[in-house]
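Scroll down for the structure; my scribbles are underneath it.
The values are calculated or read from the model by the stated rules, or taken from the named source; none is laboratory data. Just so it is clear, the model here is predicted, and its values are computed rather than measured. We place every Cβ from the backbone using ideal geometry, glycine too, and count neighbours over all the protein chains shown.
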Amino acid sequence: MTKTFVPKDPGQARSWQLVDATDKPLGRLAVNIANTLRGKNRPTFDPSVDTGDFVIVVNAEKVRLTGRKLDQKEYQRYSGYRGGLKRFSARTMLEQHPDRVILEAVWGMLPKNTLSRKLMTRVRVYCGAEHPHAAQMPVAAAF
């Protein structure tokens with residue numbers, strides 16, 4: 001009789017992936033980041049077990065939006081109070097908070113459950129080329 005293999009949480013043995021967002025389309029970048037966070041690039045992938053890696057994204061302000069998305073795509077934030085809905089275009093968000101654009105896109109690619117909320121804590125997005133995670137020895141991602 002064969003035993004069923006159940007992957008275990010790697011804990012401290014997670015690797016760190018470094019992604020450069022320069023001139024990469026936002027959606028494709030977000031899909032690849034989400035797959036790395038979930039561990040879908042590993043042969044031991046299980047949707048109910050967290051086997052993914054940490055992801056560091058640099059040069060977030062240089063991400064590319066195709067077509068007319070800079071002016072047509074909208075982000076919204078609601079304070080919870082009456083009249084508290086704020087809407088921003090993608091152009092405004094890229095100018096003011098380019099890291100949030102990538103975080104919102106990655107969040108949209110993950111399933112909405114408690115595991116994905118835990119996965120989002122392993123994404124680090126930086127506007128420039130520098131990041132403070134050199135001690136973790138990140139490996140350049142192949143996407």
Original post:
Would you call Lys112 loosely packed, with under 11 Cβ neighbours inside 10 Å, of a type outside the set (Ser, Thr, Tyr) and under 25 Å from Pro10 (Cα atoms)?
Top reply: yes
Original post:
Taking only pairs six or more apart or across chains, which ones have beta-carbon atoms under 9 Å, a first residue in the range 114-142 that is within 16 Å of Ala30 (Cβ to Cβ), and a second residue that is among the basic types (Lys, Arg)?
Top reply: Ser116/Arg38; Leu119/Arg38; Arg122/Arg14; Val125/Arg100
Subject >> Filtered residues of the range 92-127 (kept if part of a helix (DSSP H, G or I), hydroxyl-bearing (Ser, Thr, Tyr) and either within 9 Å of the chain's Cα centre (by Cα) or under 17 Å from Leu37 (Cβ atoms) (or both)) >> reply: Thr114, Ser116, Thr121
Subject >> Residue in the range 82-91 that is closer than 18 Å to Asn32 by Cα, at pLDDT 95 or above and not β-branched (Val, Ile, Thr) present >> reply: no
Subject >> Filtered residues of the range 44-86 (kept if in contact (Cβ under 8 Å) with a residue 60 or more places away in the chain, farther than 30 Å from Phe5 by Cα and in a loop (DSSP other than H, G, I, E, B)) >> reply: Asn59
**OP:** With respect to Asn41, determine if the residue is surrounded by 14 or more Cβ atoms within 10 Å (Cβ to Cβ), among the polar types (S, T, N, Q) and not in a helix (DSSP H, G or I).
**Re:** yes
**OP:** Check off (1) under 18 Å from Val19 (Cα atoms); (2) out of contact with any Lys or Arg (no Cβ under 8 Å at 6 or more places or on another chain) for Val63 and give me the number that stays unchecked.
**Re:** (2)
**OP:** Residue by residue through the range 87-98, note down the ones that are surrounded by fewer than 17 Cβ atoms within 10 Å (Cβ to Cβ) and either acidic (Asp, Glu) or in contact (Cβ under 8 Å) with a residue 24 or more places away in the chain (or both).
**Re:** Glu95
